[in-house]
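**Q** One structure, pasted below without further comment.
The values are calculated or read from the model by the stated rules, or taken from the named source; none is laboratory data. Nothing here was measured: the structure is a model prediction, and the numbers come from that model. So basically every Cβ, Gly included, is an ideal-geometry build from the backbone, and we count neighbours across all protein chains shown.
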């Protein structure tokens, strides 16, 4: 079988969401996290590129994202409730920290570095 080359216009369709390999080790620190939460974390890491484009940095120069639950759910193809559960699971283990903005505005989300375990 012969496959065609990917041209410039097609290359964007091959953007990938990466899930850290450390999260895939069933005996590792992240072994008990649900697969939905692992997918969400990969999506959140991907969204961190928005931080630089939008200048989303706090007073301590920490990058954050603004990503409403509904958008996350739509991107993952799951319910908002399931998405909230996955986000809460990531919060409980310490991979994500949310800051409420109030007034119906979406939360600020800090995505923490999976590679540094205190």
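**Q** Checking residue 56 against (1) crowded, with 16+ Cβ neighbours inside 10 Å; (2) modelled with pLDDT under 95; (3) touching a strand residue (DSSP E or B) at 6+ places or on another chain (Cβ under 9 Å); (4) within 24 Å of residue 29 (Cβ to Cβ), which test does it fail?
**A** The failed condition is (4).
**Q** Going by the structure shown, is residue 33 in a loop (DSSP other than H, G, I, E, B), at pLDDT 90 or above and either on the phi > 0 side of the Ramachandran plot or within 12 Å of the chain's Cα centre (by Cα) (or both)?
**A** Values: in a loop (DSSP other than H, G, I, E, B): yes; at pLDDT 90 or above: yes; either on the phi > 0 side of the Ramachandran plot or within 12 Å of the chain's Cα centre (by Cα) (or both): no.
Taking the combined requirement at face value, the residue does not satisfy it.
**Q** Mind checking whether some residue in segment 67-76 is at pLDDT 95 or above, assigned to a loop (DSSP other than H, G, I, E, B) and under 14 Å from residue 37 (Cβ atoms)?
**A** No, the conditions are met nowhere in segment 67-76.
Every residue, every condition in (1) in contact (Cβ under 8 Å) with a residue 24 or more places away in the chain; (2) under 15 Å from residue 110 (Cα atoms); (3) not in a loop (DSSP other than H, G, I, E, B), yes or no:
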{"position": "1", "(1), (2), (3)": "no, no, no"}
{"position": "28", "(1), (2), (3)": "no, no, no"}
{"position": "38", "(1), (2), (3)": "no, no, yes"}
{"position": "42", "(1), (2), (3)": "yes, yes, yes"}
{"position": "60", "(1), (2), (3)": "no, yes, no"}
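**Q** Give segment 95-106 a look and list any residue that's modelled with pLDDT under 90 and either on the phi > 0 side of the Ramachandran plot or surrounded by 15 or more Cβ atoms within 10 Å (Cβ to Cβ) (or both), or say none.
**A** The answer is 102, 103, 104, 106.
**Q** Another question about this same structure. How many residues are exposed (fewer than 11 other Cβ atoms within 10 Å of the Cβ), within 25 Å of residue 67 (Cα to Cα) and at pLDDT 85 or above when one looks only at segment 1-30?
**A** 2
**Q** Identify all residues within segment 44-58 that are in a loop (DSSP other than H, G, I, E, B) and under 14 Å from the mean Cα position of the chain (by Cα); write none if there are none.
**A** 48
**Q** Of the residues 22, 63, which single one is out of contact with any helix residue (DSSP H, G or I) (no Cβ under 9 Å at 6 or more places or on another chain) and within 17 Å of residue 115 (Cα to Cα)? Walk me through how you get there before you give the answer.
**A** Working: 63 fails: out of contact with any helix residue (DSSP H, G or I) (no Cβ under 9 Å at 6 or more places or on another chain).
Every option except 22 fails the conditions.
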